[in-house]
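Below you'll find the structure, written out as structure tokens, and then a few comments.
Values in this text are rule-based calculations from the coordinates and carry no lab data. Worth saying up front: this structure is predicted, and the values here are computed from it rather than measured. Reconstructed Cβ throughout: ideal geometry from the backbone, glycine too, with neighbour counts over all protein chains shown.
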Amino acid sequence: MIGFDVPEKLKDLRKNLLFKQHIFTGEAKPNTIRLLPSLALRKKDADEFLEAIGEEIQELTSTVHK
């Protein structure tokens, strides 16, 4: 299992990953995202996740500054 905390300004990251990117993640607490990748995880899958999370972080940080 992999878990990481996100700052308060990214509190909607988990919701955005689910509803916009169709990526399901777990939650340990409101600002902690948990991942339980399959043992059959391919590099392509990891790359797609990193791209999606980058897009959502970019969107959330750009709307905070508007």
Rh (Kirkwood; distinct C-alpha pairs) - the chain, Å | 12.4 Å
Phi to ³J(HN,Hα) by Karplus 6.51 cos²θ - 1.76 cosθ + 1.60 over the stretch 12-26, Hz, x for Gly, Pro = 8, 4, 4, 4, 5, 4, 5, 7, 9, 9, 6, 10, 8, 10, x
So, in nm, how far is label Ile57 from label Arg42 when the simple model puts each one 7 Å beyond its Cα toward the Cβ?
-> 2.5 nm
To the nearest 10 degrees, how steeply does helix 43-64 sit against the main Cα axis of the chain, on a 0 to 90 scale?
-> 10 degrees
